[in-house]
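Computed from the coordinates by the stated procedures, all read-outs in this text should not be read as laboratory data. Everything numeric in this text was worked out from a predicted model, so none of it was measured. Cβ: placed from backbone, ideal geometry, glycine included. Neighbour counts: every protein chain shown.
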Ligand SMILES: Cc1cc2nc3c(=O)[nH]c(=O)nc-3n(C[C@H](O)[C@H](O)[C@H](O)COP(=O)(O)O)c2cc1C
């Protein structure tokens with residue numbers, strides 16, 4: 001499968017089987033996140049992998065993740081993120097999202113299903129997992145085995161805007 005095929009194949013899964021994600025697969029996914037680019041190579045990501053029944057039950061208080069058996073809470077250590085001198089913009093959200101995306105695509109490549117979530121209550125995540133004050137939970141990544149009919153790779157023809165609506169050359 002080449003990258004275009006992989007990108008078209010990936011979809012947001014909202015039904016997973018109970019089957020655990022194999023350790024070698026998880027290692028592979030985490031490695032894809034490890035090598036992700038981050039601004040100034042600061043690598044501010046701090047990942048919390050949650051797979052225990054008890055941990056997943058605590059995370060379920062903060063987000064709806066459809067009983068996925070593996071959840072990764074992607075945090076950034078805010079003080080470790082790069083800051084743009086001109087306006088003070090910090091790249092933590094961007095770095096966390098590149099790491100999340102690389103892991104999501106690696107999981108897809110392994111034949112696993114994923115769901116990226118930002119709809120979660122950060123205060124509950126913080127308190128349930130004693131997330132240090134200087135860390136910010138940015139994304140949740142749900143990973144598991146497919147539990148329903150996968151979305152069609154050709155759905156993008158209708159579900160995505162044509163390039164001419166989002167890409168401009170030389171001027172807007
Ligand atoms: C930054 C981001 C946040 C998202 N947050 C959620 C979420 O909290 N819950 C959810 O069910 N889906 C979430 N999604 C999934 C999107 O709704 C989904 O990617 C989009 O509708 C396109 O569908 P597809 O992924 O199946 O192609 C999120 C996706 C992204 C990229």
- For residue 168 and residue 49, what is the calculated FRET efficiency with R₀ set at 45 Å and r taken between the beta-carbons, to the nearest 0.05? 0.65
- Task: Using per-residue counts of other Cβ atoms within 10 Å, averaged over each peptide, order 122-128, 34-40 from highest down.
- Result: 122-128, 34-40
- Item | Centre separation in Å (Cα based) which lies between the range 140-162 and the range 67-93 | 25
- Query: Taking only C-alpha pairs under 8 Å that are 6+ residues apart, what is the relative contact order of the chain in percent?
  - Reply: 34
- Note on the structure: Mean-square fluctuation maximum in Gaussian network of the chain, Cα pairs under 10 Å, restricted to 66, 135, 86, hits 86
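Working from the pairwise distances between different alpha carbons, so that the mean of 1/r is found and then inverted, what is the range 51-126's Kirkwood radius in Å?
Hydrodynamic radius (Kirkwood, Cα pairs) of the range 51-126 is 14.2 Å.
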- Efficiency by 1/(1 + (r/R0)^6): what FRET value for residue 119 and residue 148, r their Cβ-Cβ distance, R0 = 25 Å, to the nearest 0.05? 0.80
- So if we plug the beta-carbon distance of residue 157 and residue 23 into 1/(1 + (r/R0)^6) with R0 = 41 Å, what FRET efficiency do we get, rounded to 0.05? 0.65
- Note on the structure: Mean Cβ-within-10 Å packing, highest first, puts peptides 95-102, 68-75, 6-13 in the order 68-75, 95-102, 6-13
